[in-house]
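Below: one structure, written as structure tokens.
The values are calculated or read from the model by the stated rules, or taken from the named source; none is laboratory data. Being a predicted model, the structure only gives us computed values, none of them experimental. Here the Cβ positions follow ideal geometry from the backbone for every residue, glycine too, while neighbour counts run over all protein chains shown. Surface areas here come from the heavy atoms of the whole protein model, side chains and all, with no ligands, DNA or RNA. Shrake-Rupley method; radii C 1.70, N 1.55, O 1.52, S 1.80 Å.
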Amino acid sequence: MTLSSVEVAVATPTPERVDRIRAAASRIRHHALNMGEVQGQGYVGQALGAADMFAAVYADQLTYRAEDPHWEGRDRFLLSTGHYAIGHYAALAEAGIVPVAELETYGSDDSRLPMSGMSTYTPGMEISGGSLGHGLTVAVGMALGLRLQSSTSRVINFLSDGELDEGSTWEAAMGAHHHQLGNLTAMVDINALQADGATETVLRTEPVTEKWESFGWYTQRVDGNDVSALLGAFDNIAALAAPIGRPSVILCDTKVGRGAPLLETREKAHFMRIEENEWQICREQLTAGYEGTASA
């Protein structure tokens with residue numbers, strides 16, 4: 001784990017806690033595959049790659065009421081990357097906010113679960129997806145508003161490494177530091193892939209850790225598919241928590257299609273078309289991988 005100039009000593013997450021989040025991530029991955037099979041294609045690779053991030057947030061970090069998604073005391077989770085909605089829906093189902101049975105309607109006409117996230121359709125979806133690069137701007141305004149209301153709620157904004165191409169992201173990053181939004185955490189999925197190809201060939205953003213640090217954020221970079229590292233990063237943030245303080249960012253290196261080797265090695269992985277006979281193979285690979293990890 002890479003820490004910024006302020007280092008915090010935090011106890012290692014307990015095995016029981018780690019196992020609980022790994023189990024949630026495994027279910028999220030299976031939910032995502034089941035949804036993808038409905039359409040035969042989709043942003044399945046991103047959902048599998050980010051499943052550990054979603055699980056850490058919904059099964060460990062967020063304060064919410066499943067029966068009342070608009071409860072004022074909730075923490076806010078903003079999905080800036082609208083096309084990751086398939087993974088978010090899986091997490092909402094895991095959290096009990098969306099019925100598991102409803103996942104079968106993913107991407108269908110009149111479904112509450114469109115392929116790109118829409119806050120007007122889906123319970124628990126705070127903002128709508130679309131053009132990338134706007135989520136952090138909304139998160140800054142929301143975090144500032146909550147603080148002005150003396151709310152203890154936090155804002156967690158999920159964005160992608162591709163969104164770091166957008167100038168609006170960095171304007172928001174400056175604004176968050178300017179207003180000292182200690183109630184704001186960003187999570188960046190660094191899977192090194194964009195619609196037009198590898199991130200480094202589209203627009204090189206490295207050294208990304210140093211960039212966030214230079215914008216005044218408390219910065220950590222972890223393996224986003226390592227649950228223990230993710231929980232440790234959140235614990236570090238909690239140890240520094242203050243209504244007025246540095247915003248925090250967790251840079252998460254992930255692998256597209258994580259857990260299903262058949263998809264991890266697929267060349268065209270941004271929007272996957274998966275053959276009918278491959279879905280069950282992927283499920284079996286996910287199960288074998290999870291059981292192997294759990295028994296290790």
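Residues that are under 18 Å from the mean Cα position of the chain (by Cα) and either charged (D, E, K, R) or assigned to a loop (DSSP other than H, G, I, E, B) (or both) within segment 237-268 comprise PRO247, ASP253, THR254, LYS255, VAL256, GLY257, ARG258, GLY259, listed in sequence order.
Does LEU240 meet the test of being at pLDDT below 90, open to solvent by 10 Å² or more (accessible area, probe 1.4 Å) and farther than 27 Å from ARG29 by Cβ? Spelling it out, LEU240 is indeed at pLDDT below 90, open to solvent by 10 Å² or more (accessible area, probe 1.4 Å) and farther than 27 Å from ARG29 by Cβ. Considering segment 128-151 alone, what residues qualify as being modelled with pLDDT under 95 and open to solvent by 10 Å² or more (accessible area, probe 1.4 Å)? Correct list: SER128, GLY129, GLY130, SER131, LEU132, HIS134.
Contact annotation: residue pairs with Cβ atoms under 6 Å, 6 or more positions apart or on different chains, pairing a residue in segment 99-111 that is within 13 Å of THR122 (Cβ to Cβ) with a partner that is aliphatic (A, V, I, L, M), are LEU103/MET35; LEU103/ALA93; THR105/LEU113; TYR106/MET35; TYR106/VAL38; TYR106/LEU113; GLY107/MET115.
Looking only at residues in segment 159-198 that are outside any strand (DSSP E or B), hydrophobic (A, V, I, L, M, F, W, C) and at pLDDT 95 or above, the one that is farthest from MET142 (Cα to Cα) is TRP170. Is it the case that VAL100 is closer than 27 Å to TRP217 by Cα, hydrophobic (A, V, I, L, M, F, W, C) and more than 14 Å from the chain's Cα centre (by Cα)? So VAL100 does not fit the description; no.
To keep it simple, each residue is scored yes or no on (1) farther than 25 Å from TYR290 by Cα; (2) within 18 Å of the chain's Cα centre (by Cα); (3) of a type in the set (A, V, I, L, M, F, W, C).
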{"residue": "PRO15", "(1), (2), (3)": "no, no, no"}
{"residue": "ARG22", "(1), (2), (3)": "no, yes, no"}
{"residue": "ALA25", "(1), (2), (3)": "no, yes, yes"}
{"residue": "ILE28", "(1), (2), (3)": "no, yes, yes"}
{"residue": "VAL38", "(1), (2), (3)": "no, no, yes"}
{"residue": "MET53", "(1), (2), (3)": "no, yes, yes"}
{"residue": "ALA59", "(1), (2), (3)": "no, yes, yes"}
{"residue": "ALA66", "(1), (2), (3)": "yes, no, yes"}
{"residue": "LEU78", "(1), (2), (3)": "yes, yes, yes"}
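Please state which of the following conditions LEU251 fails to meet, knowing it meets all the rest: (1) closer than 25 Å to ARG20 by Cβ; (2) open to solvent by 70 Å² or more (accessible area, probe 1.4 Å); (3) in contact with a Ser or Thr (Cβ under 9 Å, 6 or more places away or on another chain). Unmet for LEU251, out of (1) closer than 25 Å to ARG20 by Cβ; (2) open to solvent by 70 Å² or more (accessible area, probe 1.4 Å); (3) in contact with a Ser or Thr (Cβ under 9 Å, 6 or more places away or on another chain): (2). In the set SER80, SER111, only one residue is touching a helix residue (DSSP H, G or I) at 6+ places or on another chain (Cβ under 7 Å), surrounded by 20 or more Cβ atoms within 10 Å (Cβ to Cβ) and not aliphatic (A, V, I, L, M); that residue is SER80.
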